[in-house]
Amino acid sequence: MATDFSRLIQCTTLLGTLLFSNLPLYGQAPTASALRNAQSEVEREEARVTQIITRAENYFKQGELNLKDNRREQARDDFDKAVDTILESGIDVRANPRLQDYYLQLIERIYRLEVPAPQLTAQSTSDQEAPSLAQVTPQIGFREQRFEPSPLDELSRLTLTPEEENVRPEDVAQLEAAKSRVDFSFKVNPIIQQFINYYQGRGRATMESGLRRSGRYMRLARKIFREEGVPEDLAWLGQVESAWQPLARSWAGASGLWQFVPGTGTRYGLKQTAWVDERHSFEKATRASARYLKWLAQRYGGNWELALAAYNTGEGNVDRAIARAGVADFWQIYPYLAQETRNYVPNILATILIAKNPEKYGFGHVRPEPPLSYDTVRVPPLTSLRFIADALDVSLDYLRELNPELRRDMTPQGEPYLVRVPPGRGRALVALLKRIPPERRNSVRFVRLAPGEDLTVIAARTGANLAQLQALNQGVEIKAGARIAVPIASIRNVVMTRPVAAGARSPAATKRLVRVRARAGETIAQIAARYRASTDEVARLNGLAAHARLSAGREIIVPVSNQTKAPARPPRRSSKRR
């Protein structure tokens, strides 16, 4: 069934979370304990749960009818609406056992209707030397993306300590002065300082990591926010939403740098298909976020605090809170909002103030990572990332990290696609695409010529036919280091790389990307040596010079061979106790 299966993958991740996360949520009161202990909306309005379940069930049944009539798109929309009815109800699903049970059953029923996913049908070919896609590509269903937990889940459970809640009058006065550096207006409240206190203490590692990772995306985010007419400082929302992880996912199925739930993502033009989930895109999701924020601000008369609250909990919940408070002011509607949203807005304001003046708050030592850089190349439909990785001699994990919106290791069918490749490698890929016919791109591998080798040696080493090699590599200069295309169909259990000496690491070993934290003063070259990786590749992956000194805790991406069991032991420090 050609429905929005990506939505089901996101939602089914809730099953384990919901079953093991019945944890109490605690409030942070603006002024009095009475607000912290305000009775939950679920307890006061249990009748709403019945109404919500009834609406969701009606959408589900309508989807079943459309599915039986082969109206697949309409069925998908109905199933989406059924799920959104629960997620956007304003009630914490985890806090209401009845709603939680229904939600889990709903996801399971939709899942069973939409599985198995549609399989790609390969066109047959009369060329015996060019096997079909089905023969040469690995499983092209959904690959198992390694999602990161969204910081919003932890935020919803965060309880500030008495020490963190201790705010002096002079702290509030300093906030009043500091807000003049922010490019949008907001009201100062002691709770903002409370979150600053949290980040200066037990939340320090979270803030340091976010400030470092922000360097990858902040330049792009500021540019897009500026183009869309949104205050650039609001781009720090990405730190609270996802900690700058493109594959961050919350318990509610929100995903990406900007944590769009499926329905809102679709509303702002983000495709979610069996091939792509553009909520994970760098550029498209950032622009969608800016446009959504702008729309929300217009809805609330330019009040960015209310816009941020609605971004987190939905405009319907904010509208109800305003109706109950009788005034459109975040700090007045505070007690009528969900706990996550109560923490969310002051958290963002605290993050912005710290980011605008890191030295003042004790984060001046943190150095942002270099901006993410890449080339983009328009490739034909159904182009394999494995082909691109092989052609450019980079790891598949690296390409996945540059293209997090791709749900398969292949570009979508039916249309060309702009794929991101390492900086400076775009032209090489264009040349290879011109050289290898479209019908052959998923049926070749590349090997590198060693000194003294020619096509005859490659033919003997791989079992390929010499005439085929000559046809595939016309115009290629036969010299050491040249990338030679070899047809997969001709290979018979032969390693396609030059034999290596005993004890050496085989270049054929598959790699994965790992993140490590640098020691103070350590260099890229030292980290590469510790993990038995190429210094040049590690430097290129991180956009850093090989011998630049790194600050303590800086996150470095390292390609590690699956054959590497453990990193090399680092040099011993002095055994003297200090």
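The values are calculated or read from the model by the stated rules, or taken from the named source; none is laboratory data. Since the structure is predicted, the reported quantities are computational estimates derived from the model, not experimental observations. As a convention, Cβ positions derive from the backbone with ideal geometry for all residues, glycine included, and neighbour counts pool all protein chains shown. Note: accessible area is taken over every heavy atom of the protein model, side chains too, but ligands, DNA and RNA are not part of it. Shrake-Rupley method; radii C 1.70, N 1.55, O 1.52, S 1.80 Å.
Results, tabulated for the structure shown:
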| item | result |
| --- | --- |
| Index of the failed condition, Val366 passing every other in (1) surrounded by 18 or more Cβ atoms within 10 Å (Cβ to Cβ); (2) in the same structural domain as Phe260 (by the TED database) | (2) |
| Enumeration of residues in the range 433-477 that are open to solvent by 30 Å² or more (accessible area, probe 1.4 Å) and in contact with a Gly (Cβ under 9 Å, 6 or more places away or on another chain) | Arg435, Arg448, Pro451 |
| Pairs where the first residue, in the range 379-393, is open to solvent by less than 10 Å² (accessible area, probe 1.4 Å) and the second is of a type in the set (Gly, Ala, Ser), C-beta under 7 Å, 6+ apart | Ala389/Ser395; Leu392/Ala428 |
| Count - residues of the range 510-540 that are in a strand (DSSP E or B) and open to solvent by less than 20 Å² (accessible area, probe 1.4 Å) | 1 |
| Selection within the range 397-440 - over 25 Å from Pro559 (Cα atoms) and in contact (Cβ under 8 Å) with a residue 60 or more places away in the chain | Pro412, Gln413, Glu439, Arg440 |
| Extreme residue, nearest to Lys360 (Cα to Cα), among residues of the range 187-210 that are hydrophobic (A, V, I, L, M, F, W, C) and touching a Leu at 6+ places or on another chain (Cβ under 6 Å) | Ile192 |
| Enumerated helices (runs of 4 or more DSSP H) restricted to the range 3-98, each holding at least 3 residues that are open to solvent by 80 Å² or more (accessible area, probe 1.4 Å) and at pLDDT 85 or above | 46-68 |
| Test: Asp233 is among the charged types (D, E, K, R), modelled with pLDDT of 95 or more and open to solvent by less than 10 Å² (accessible area, probe 1.4 Å) | yes |
| Sole residue being in the same structural domain as Gln339 (by the TED database), modelled with pLDDT under 95, out of contact with any Lys or Arg (no Cβ under 7 Å at 6 or more places or on another chain) and surrounded by fewer than 20 Cβ atoms within 10 Å (Cβ to Cβ), chosen from Arg204, Arg226, Arg222 | Arg204 |
| Filtered residue count, the range 394-411, keeping only those that are under 21 Å from Pro437 (Cβ atoms) and open to solvent by 10 Å² or more (accessible area, probe 1.4 Å) | 1 |
| Odd one out for Phe186 among (1) open to solvent by 20 Å² or more (accessible area, probe 1.4 Å); (2) farther than 30 Å from Gly553 by Cα | (1) |
